[in-house]
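Inspection log for the structure reproduced underneath, given as structure tokens.
The values are calculated or read from the model by the stated rules, or taken from the named source; none is laboratory data. Computed from a prediction, not measured in an experiment: that's the story for all the values here. We place every Cβ from the backbone using ideal geometry, glycine too, and count neighbours over all the protein chains shown.
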Amino acid sequence: MLRSGHILKSSVLLEQALGEDPGLVEIAATLAEVYVALGRHRRALGCLNRAVSSCPRRPPELAEALGQRGRFLLRRGLLEEGLRDLRAALRWQPENQQLRLQLRAAQRSYYLHPQGHDCTPGRWPSCWQ
């Protein structure tokens, strides 16, 4: 849907699906991407926040929701918040190697550039994307 150029129509359909089940992490993440493409970053974060708060407290689902929100926050240059979410995701799913790698990359960037200087678009580590 997103590749065909029907971004607005996609957002409506994704909102409907998320309205039926706010805990659908993949739908929330896709809708967040749509909102980012539309320049609506607050709405994107709202979708991810809703997914985290609505997600069942089961390790895989909650870890995925926290990981999605953490990566979004990192891409927005919010290192501390992104690190917090990635750490929480890893507590729920400690065997997830992708989360572990993303957390290490984010920590490295944070400790090398605590003011977030290295978090501008185009300079993000590839694993955050």
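Starting from residues that are farther than 22 Å from Arg76 by Cβ and among the hydrophobic types (A, V, I, L, M, F, W, C), keep the ones in the range 1-23 and report whichever is surrounded by the most Cβ atoms within 10 Å (Cβ to Cβ).
Going residue by residue through the range 1-23, those that are farther than 22 Å from Arg76 by Cβ are 1, 3-6, 8-9, 12-13, 16-17, 19-21, 23.
Filter again for among the hydrophobic types (A, V, I, L, M, F, W, C), leaving 1, 8, 12-13, 17.
Values: Met1: 13, Leu8: 9, Val12: 11, Leu13: 14, Ala17: 16.
Going through the qualifying residues, I end up with Ala17.
Hey, among the residues in the range 52-93 that are part of a loop (DSSP other than H, G, I, E, B) and out of contact with any helix residue (DSSP H, G or I) (no Cβ under 8 Å at 6 or more places or on another chain), which one's surrounded by the fewest Cβ atoms within 10 Å (Cβ to Cβ)?
At the first step, the residues of the range 52-93 found to be part of a loop (DSSP other than H, G, I, E, B) are 55-58, 76-78, 93.
From the residues that got through so far, the ones that are out of contact with any helix residue (DSSP H, G or I) (no Cβ under 8 Å at 6 or more places or on another chain) too are 57-58, 77-78.
Working: Arg57: 7, Arg58: 10, Gly77: 16, Leu78: 17.
Residue satisfying both the conditions and the ranking: Arg57.
Being of a type in the set (A, V, I, L, M), modelled with pLDDT under 90, more than 22 Å from Ser109 (Cβ to Cβ) and part of a helix (DSSP H, G or I) narrows it down to one of Leu14, Leu18, so name that one.
Leu18
Looking at the range 31-51, I want the residues that are surrounded by 22 or more Cβ atoms within 10 Å (Cβ to Cβ) and have a partner that is not in a helix (DSSP H, G or I) with Cβ atoms under 7 Å, at least 6 apart or on another chain. Which pairs are those?
Ala51/Pro22; Ala51/Gly23
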